1. Between Asp57 and Arg25, with labels modelled 7 Å along Cα→Cβ, what's the label distance in nm to one decimal, could you check?
2. At a probe size of 1.4 Å, how large is the accessible area of Thr145, to the nearest 10 Å²?
3. Provide the per-residue ³J(HN,Hα) series for the range 112-118, in order, calculated from phi with Karplus coefficients 6.51, -1.76, 1.60 and θ = phi - 60°, each as a whole number of Hz, with x at glycine and proline positions.
4. Going from most exposed to least, what order do Glu105, Glu28 have by accessible area with a 1.4 Å probe?
5. At 0.36 nm per residue, minus the direct Cα-Cα distance, what do Lys34 and Arg49 gain on full extension? Give it in nm, one decimal, please.
6. If you build the convex hull over the alpha carbons only and average its shadow over all orientations, what do you get for the range 28-155? Give it in nm² to one decimal.
7. For the range 54-117, what's the relative contact order in percent, using C-alpha pairs closer than 8 Å and at least 6 residues apart?
8. Between Val133 and Met148, what is 0.36 nm times their sequence separation minus the Cα-Cα distance? Round to one decimal in nm.
Amino acid sequence: QSRSSAASDVYKRQLLDHALWDPKRFDEALNGSKFIRRLLAFFRPAHMRYASMKKHDMAHRWTAVGVSLCRVLLYHADGVRVLVEEHLLSDLRDSFEQLGQRASETLFSLHHLQHNIVTGYFEMLQVLSASAVGLELLTHARLFTPLMCLCENAVSYTHLRAHETRED
């Protein structure tokens with residue numbers, strides 16, 4: 001890894017882990033430079049920038065950036081508003097609903113789960129679900145319904161496979 005790339009990673013982490021917790025700095029990053037909105041656009045499933053990354057060290061670093069970004073956004077009132085406006089959660093809901101329809105090349109298909117970094121979205125959802133504000137956002141985005149359908153399908157599939165194994 002090059003020195004400039006390592007320095008850039010350290011800068012991003014320091015920015016998300018320290019500077020953006022200050023309301024003034026957060027406002028600058030949100031309104032002055034559009035840094036926050038650009039990061040959210042990178043993570044949106046519909047844009048397939050983050051979601052198309054193959055599993056490797058750099059991709060895991062981007063997952064850590066996404067998790068930190070979620071924490072910072074939940075901390076600030078404007079961050080919560082921007083999280084809704086930028087449609088990250090509604091894109092995730094749409095992706096989960098597509099999987100429920102058994103489309104073969106959806107964002108959360110087996111192929112993407114094995115080869116791409118889309119599992120990082122679950123880490124971001126974990127951060128959101130750990131707070132009351134995050135749970136409100138997930139409810140507002142209607143993310144629980146497709147997740148419950150997926151869980152029910154997984155349980156049905158497991159029972160079906162167990163029954164087939166007993167018949168063999």
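The values are calculated or read from the model by the stated rules, or taken from the named source; none is laboratory data. Just so you know, these numbers come straight off a predicted model, no measurement behind them. Ideal geometry is used to build each Cβ from the backbone, glycine not excepted, and the neighbour counts take in all protein chains shown. In case anyone asks, the SASA skips ligands and DNA or RNA and just uses the protein heavy atoms, side chains included. Shrake-Rupley method; radii C 1.70, N 1.55, O 1.52, S 1.80 Å.
1. With each label placed 7 Å out from Cα toward Cβ, I get 2.6 nm.
2. 90 Å²
3. Each residue of the range 112-118 in turn: 5, 5, 7, 10, 10, 8, 4 Hz.
4. Per-residue accessible area, sorted high to low, gives Glu105, Glu28.
5. 3.6 nm
6. 7.6 nm²
7. 37 percent
8. 3.4 nm
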